[in-house]
Amino acid sequence: MAIDTPATRPANPRFSSGPCAKIPTFSLDKLSDAPLGRSHRAAVGKAKLKAAIERTRDILGIPDDYRIGIVPASDTGAVEMAMWNLLGARPVEMLAWESFGAGWVTDVVKQLKLDATIKTAEYGEIVDLAGVDTDNDVVFTWNGTTSGVRVPNGDWIKPDREGLTICDATSAAFAQDLPWDKLDVTTFSWQKVLGGEAAHGMLILSPRAVERLESYTPAWPLPKIFRLTKGGKLIEGVFVGETINTPSMLAVEDYLVALDWAASVGGLKGLMGRANANTKAVADFVELHDWVDFLAHDPATLSNTSVCLTFNDARITDGATFAKAVAKRLEAENVALDVGAYRDAPAGLRIWCGGTVETSDVAALMPWIEWAFQTEIAALREMAG
Ligand SMILES: Cc1ncc(COP(=O)(O)O)c(C=O)c1O
């Protein structure tokens, strides 16, 4: 028996967790001011790169004495640059609760070969933050993109810590409050919450991180693409837009356009409000249906960007196949693209709720999830005869 499809479709079916939906007002002609075919070191290119840095500072409320650099290789580049430059000076604690954090653990243990303390939690959980010693260097992911779990606040980070906090905030920046006084290194990529283009990473350094860079030389070699100091001094140019290598000025223009849009919806507060409203639309749906749950176990750690859902129904025998079939139906109907759970995460759906997504689209998607779920359950029943 076919189940009726809902009457309304999301106007934009893009709910991918990266690259994320572009700003609602996006069109390619908005990028026409990009200085294409010009040197990024010409005055016009440099001014664009500097503007990207300073407008990031304005919208995110980053303190004036923090350095902000545009670096190669997206968020991964920024995180690895930080770890390769800074770690090894003090004991290290690595915190991980999903796939990307686990990747940073592998880097530190297998590549840098540091004898780090490793604290991990299962998907849906977070580690005991109160037990973390921030006199050690601590590497962690603020928002676990593949588990939908976020750090609730920075209360566990000592104001007078001896260590550095290195925070991968790629799916948190522009959606969640980041306590800058507690973060020594923060990274994110343009392709996440602002729906920008991939390839470039943002590296934000506190004065204490700069102090470490200028006083410590790691035991391992650093390729040019990672080098932030010269003759023991910070290369200040990187933090005013003199990038280490050639950036895409098209991607820079796109980021500037996204920053303008962010300002137009009320800056960080407006963006957080949009993400929270989107997440509430999902939460209202979860509340009403006992066959769907958040992967995040504690509401205090529920992400408002990468919202991960699991199906709980005794009739489902193979969770992974079932969830994939639901995601496939949503995609085939063009109501939700790229919403399957991440490949290493528990089976389910992941709905991006960052600020570039419209709440009306999230709300319109919910009945479709019910439709796809019930249709798959009916198919299971038919198969069972
Ligand atoms: C938490 C986290 N860290 C790192 C990455 C890697 O980002 P990129 O591909 O932009 O380097 C992602 C991408 O989804 C992520 O979600």
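Worth a mention:
- Scanning the stretch 36-50 for residues that are part of a loop (DSSP other than H, G, I, E, B), surrounded by fewer than 18 Cβ atoms within 10 Å (Cβ to Cβ) and either assigned by TED's automatic domain parsing to the domain that holds Gly340 or not charged (D, E, K, R) (or both) gives Leu36, Gly37, Ser39, Ala42.
- Among the residues of the stretch 12-23, the ones that are in contact with a Ser or Thr (Cβ under 7 Å, 6 or more places away or on another chain) and either among the basic types (Lys, Arg) or surrounded by fewer than 16 Cβ atoms within 10 Å (Cβ to Cβ) (or both) come to 1 in all.
- Failed item, numbered, when Asn276 is tested on (1) free of Cβ contacts under 8 Å to residues at least 40 places away in the same chain; (2) within 16 Å of the ligand (Cβ to nearest atom); (3) assigned by TED's automatic domain parsing to the domain that holds Trp352: (2)
- On the stretch given as the stretch 143-153, residues that are within 13 Å of the ligand (Cβ to nearest atom) and either among the small types (Gly, Ala, Ser) or surrounded by fewer than 24 Cβ atoms within 10 Å (Cβ to Cβ) (or both) total 3.
- Checked against (1) within 15 Å of the ligand (Cβ to nearest atom); (2) in a helix (DSSP H, G or I); (3) surrounded by fewer than 20 Cβ atoms within 10 Å (Cβ to Cβ), Asp29 passes all but a single condition, namely (1).
- Pairs meeting the criteria (first residue in the stretch 190-219 and over 17 Å from Thr305 (Cα atoms), second residue aromatic (Phe, Trp, Tyr) and surrounded by fewer than 24 Cβ atoms within 10 Å (Cβ to Cβ), beta carbons under 7 Å, at least 6 apart or on different chains) are Ile204/Tyr66; Leu205/Tyr66; Ser206/Tyr66; Pro218/Trp84.
- Scanning the stretch 322-368 for residues that are of a type in the set (Lys, Arg) and crowded, with 24+ Cβ neighbours inside 10 Å yields a total of 1.
- Only one entry in Asp58, Asp115 is assigned to a loop (DSSP other than H, G, I, E, B) and more than 16 Å from the ligand (Cβ to nearest atom), namely Asp115.
- Condition met for Phe239 (part of a helix (DSSP H, G or I), touching a residue at least 24 places away in the same chain (Cβ under 8 Å), of a type outside the set (Lys, Arg) and over 16 Å from Ile68 (Cα atoms)): no
- Taken together, Ala78, Ala96 contain a single residue that is under 25 Å from Pro247 (Cβ atoms), within 15 Å of the ligand (Cβ to nearest atom), within 16 Å of the chain's Cα centre (by Cα) and surrounded by 17 or more Cβ atoms within 10 Å (Cβ to Cβ), which is Ala78.
- Test: residue in the stretch 351-363 that is in contact with a Cys (Cβ under 8 Å, 6 or more places away or on another chain), assigned by TED's automatic domain parsing to the domain that holds Cys308, part of a helix (DSSP H, G or I) and not hydroxyl-bearing (Ser, Thr, Tyr): yes
- Per-region count, the stretch 62-75, residues within 12 Å of the ligand (Cβ to nearest atom) and either among the hydroxyl-bearing types (Ser, Thr, Tyr) or not in a helix (DSSP H, G or I) (or both): 4
- Count of the stretch 154-200 residues which are of a type in the set (S, T, N, Q), away from the ligand (no atom under 12 Å from the Cβ) and assigned to a loop (DSSP other than H, G, I, E, B): 1
- When the residues of the stretch 55-69 are filtered to those that are within 19 Å of Leu234 (Cα to Cα) and of a type in the set (D, E, K, R), the one that is surrounded by the fewest Cβ atoms within 10 Å (Cβ to Cβ) is Asp64.
The values are calculated or read from the model by the stated rules, or taken from the named source; none is laboratory data. Computed from a prediction, not measured in an experiment: that's the story for all the values here. Note: ideal-geometry Cβ built from the backbone for every residue, glycine included; neighbour counts use all protein chains shown.
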